[in-house]
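See structure below.
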Amino acid sequence: MKKIFVIGAGASGLMAAITAADKALQINEKIEVTVLEHMDRAGVKILQTGNGRCNLTNAFVDEMCYQNDDTAFVMHIIKKFMPKDTVAFFNSIGVLTKSRTGYAGTEGLPLEYIYPNSDQAATVLEALLNRGIELGVQIEYGIEIKNIEKKGDAFVINASHLDKDIKYLADAVIIATGSKAAPKTGSDGSGYNLAKAFGHHIIKPLPALVPLESPDKICKTMTGVRSDGQIRIFSGDRQIAEEKGEIQFADYGISGIPVFQVSRHAVRLLDMHKEVYALIDLIPMLDSKALQAMLEKLSKENGERTLLLVLCGMMNKKIATAVMQSLGIPLRTKIGDCSISDIRQIVHEIKAFRLKISGCKSFDRAQVCSGGVALNETDGETLESKLAENLYFCGEILDVDGVCGGYNLQWAWSSGFVAGSAAVGAKHL
Ligand SMILES: Cc1cc2nc3c(=O)[nH]c(=O)nc-3n(C[C@H](O)[C@H](O)[C@H](O)COP(=O)(O)OP(=O)(O)OC[C@H]3O[C@@H](n4cnc5c(N)ncnc54)[C@H](O)[C@@H]3O)c2cc1C
């Protein structure tokens with residue numbers, strides 16, 4: 001009997017195992033599917049997704065939703081198992097889904113976030129595990145994989161359980177060990193070594209969808225504020241990324257969804273020792289001209305008011321204070337004492353508030369990683385390794401990272417589906 005082993009019982013690994021077992025049934029082949037997981041339970045990261053609600057996909061998807069270098073590769077795989085297939089699959093295994101519509105980002109993408117109707121990520125995990133049981137998928141927990149060797153056409157997986165050595169013989173192996181993001185969930189980066197042993201190159205994994213750190217003391221003034229804004233990331237004169245949404249200010253720097261979305265670009269540039277800074281538009285609803293006109297009018301008609309009082313009518317008081325502090329304007333300054341060129345400077349500060357970016361929070365606080373197994377070393381149709389026949393990859397171990405909105409789980413489902421199908425031999429998907 002053909003034996004397929006999946007390493008890692010996370011989102012992509014469970015999907016790959018279920019798909020392989022299901023395809024085997026469909027083509028009436030006897031195939032044993034076993035998942036080897038080093039934690040004592042499956043899908044710990046799934047339980048944390050979407051703040052415990054699991055944003056399992058998004059009805060809208062295109063290349064802009066992925067940020068790695070080869071987004072065409074990603075979309076080619078996604079097209080084999082689209083968000084509508086994800087919804088149909090989860091509905092078919094008993095998960096009722098619902099959507100929350102909205103526009104996101106600078107591009108105004110018409111996003112439609114999909115969640116389980118229960119608002120519980122556990123619903124998704126339990127449905128996957130139950131489907132696996134129905135299809136005869138075995139999951140072994142607490143398995144430490146030492147190495148995987150290719151012996152002729154087969155693989156030998158050398159592992160241990162509670163200090164007892166075990167050898168598994170496999171016809172096909174799917175590595176689905178995730179990245180280094182949130183390592184307490186089990187995805188601790190150990191899977192990269194399994195891939196490296198077959199000669200695969202790993203694009204340096206770095207935290208992504210992560211808060212950014214700034215050494216600027218002004219951050220302390222703004223700590224605790226959540227405010228709508230637009231963030232643009234620059235290196236030198238070059239704008240690298242931009243995003244709109246609710247920015248969270250903290251004593252260490254900035255966080256919130258728009259910051260997460262641009263973070264992978266900032267982090268990769270910092271890793272190349274480039275200088276990185278953010279320009280934040282603190283009142284994106286008004287353009288510079290309108291803001292200038294408004295402040296000039298207030299200066300003429302209410303000149304006795306303090307500038308701080310005027311700014312506090314437009315934005316959070318801590319942010320107004322930070323704007324004035326960063327321009328070195330005393331807090332008691334009256335708006336009537338500000339010249340037109342002073343007002344121009346204030347407007348510039350509000351529309352392009354500059355923060356130096358010096359780093360990011362650790363992998364512990366990252367939702368995903370950028371980097372991973374180089375895509376050009378895998379087959380773009382099947383996700384089979386080009387370096388070892390019948391070895392497959394799926395999920396975040398590959399050099400794929402999506403923006404927030406359900407795109408990382410969609411990659412896990414799509415790539416798991418493709419690798420699981422291909423491992424059975426159903427290569428023509
Ligand atoms: C806090 C948080 C919130 C998130 N929210 C969302 C969201 O709402 N929507 C979304 O799309 N994405 C979200 N993500 C991202 C998403 O969870 C991941 O992209 C996805 O889980 C990756 O799936 P995976 O199968 O590649 O890896 P994982 O789900 O991490 O699974 C990997 C599995 O492999 C196991 N493993 C690792 N190494 C080994 C080894 N050597 N031997 C055996 N087993 C091993 C791990 O224990 C784990 O069970 C979130 C991530 C985090 C951290």
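Every number here is computed from the coordinates shown, using simple stated rules; none is lab data. Here the structure is a predicted model, which is why all the values come from computation and not from measurement. Don't worry about glycine lacking a Cβ; one is built from the backbone with ideal geometry, like all the others, and counts go over all protein chains shown.
Note that segment 145-158 has calculated 3J(HN,Hα) couplings of 8, 7, 6, 10, 10, 9, 10, x, 7, 9, 10, 10, 9, 9 Hz, one per residue in order, obtained from phi through the Karplus relation 6.51 cos²θ - 1.76 cosθ + 1.60 (θ = phi - 60°); glycine and proline are x. Segment 332-347 and segment 367-385 have Cα centres lying 54 Å from one another. Under a model in which nothing but the beta-carbon of Lys, Arg (+1) and Asp, Glu (-1) is charged, the chain shows a dipole of about 940 debye around its Cα centre. For segment 39-52, backbone phi angles converted through the Karplus equation (6.51, -1.76, 1.60; θ = phi - 60°) give residue-by-residue couplings of 7, 8, 7, 9, x, 4, 5, 4, 5, 8, 5, x, 6, x Hz, Gly and Pro being listed as x. For the chain, the C-alpha radius of gyration sits at 1.14 times the compact-globule guess of 2.2 N^0.38 Å, with N the residue count.
Given their separation in residues at 0.36 nm each and the Cα-Cα distance between them, Lys2 and Lys334 gain 111.5 nm when the chain is fully extended. Under a 5 Å amide H cut-off, with hydrogens placed 1.01 Å from N, Ile7 pairs with Leu36, Ile174, Ile175, Ala176 among residues at least 5 apart or on other chains. Rounded to the nearest 10 degrees, the angle from helix 288-301 to the longest Cα principal axis of the chain is 30 degrees.
Dipole of segment 66-204 computed with +1 at Lys/Arg Cβ and -1 at Asp/Glu Cβ about the Cα centre; of Met75, Ser187, Leu135, farthest Cα towards the positive end is Met75.
Specify the residue with the greatest mean-square fluctuation among Ile280, Ile335, Ile18, computed from a Gaussian network of the chain linking alpha-carbon atoms under 10 Å apart. The residue with the greatest mean-square fluctuation here is Ile335. Put the Cα centre of segment 1-80 next to the Cα centre of segment 247-323 and the gap is 40 Å. Proximity of backbone amide H atoms, modeled 1.01 Å from N, is registered between Glu112 and Ala59, Phe60 at under 5 Å, excluding neighbours fewer than 5 places apart on the same chain.
When the chain is treated as a Gaussian network with alpha carbon springs shorter than 10 Å, the biggest mean-square fluctuation among Val210, Val347, Val368 belongs to Val347.
In the chain, excluding the sites themselves, the longest stretch lacking any of the GluC sites (Glu not before Pro) that are in a DSSP loop with at most 12 other Cβ atoms within 10 Å is 108-274. A Förster distance of 60 Å, applied to the separation of the beta-carbon atoms of Ala72 and Glu304, puts the FRET efficiency at 0.50. Per the Debye formula on identical point scatterers at the alpha carbon atoms of segment 208-260, with no solvent, log10 I(q)/I(0) at q = 0.15, 0.23, 0.27, 0.28 Å⁻¹ is -0.40, -0.89, -1.11, -1.15. Residues whose amide H lies under 5 Å from that of Leu398, counting only those 5 or more places away or on a different chain, are Val373; hydrogens are built 1.01 Å from N in the peptide plane. The helix-only estimate of mean residue ellipticity at 222 nm for the chain, built from DSSP H runs of length n ≥ 4 each weighted as -39500 (n - 2.57), is -10500 deg cm²/dmol after division by the residue total. From the largest down, segment 1-47 spans 33, 16, 11 angstrom on the principal axes of its Cα atoms.
Normalised by 2.2 N^0.38 Å, with N the number of residues, the alpha-carbon radius of gyration of segment 211-360 equals 1.05. Here Leu128, Leu135, Leu194, Leu169 are placed in order of increasing Cβ neighbour count within 10 Å, fewest first, which gives Leu169, Leu135, Leu194, Leu128.
For Lys164, Lys180, Lys334, Lys244, the sequence from fewest to most other C-beta atoms within 10 Å is Lys164, Lys334, Lys244, Lys180. Shown for segment 20-112 is the translational diffusion coefficient from the Stokes-Einstein equation, using the Kirkwood radius over Cα pairs, a temperature of 4 °C and a viscosity of 1.567 mPa s: 80 µm²/s. Summarising the label geometry, the points placed 7 Å from Cα in the beta-carbon direction at Lys220 and Gln120 lie 4.5 nm from one another.
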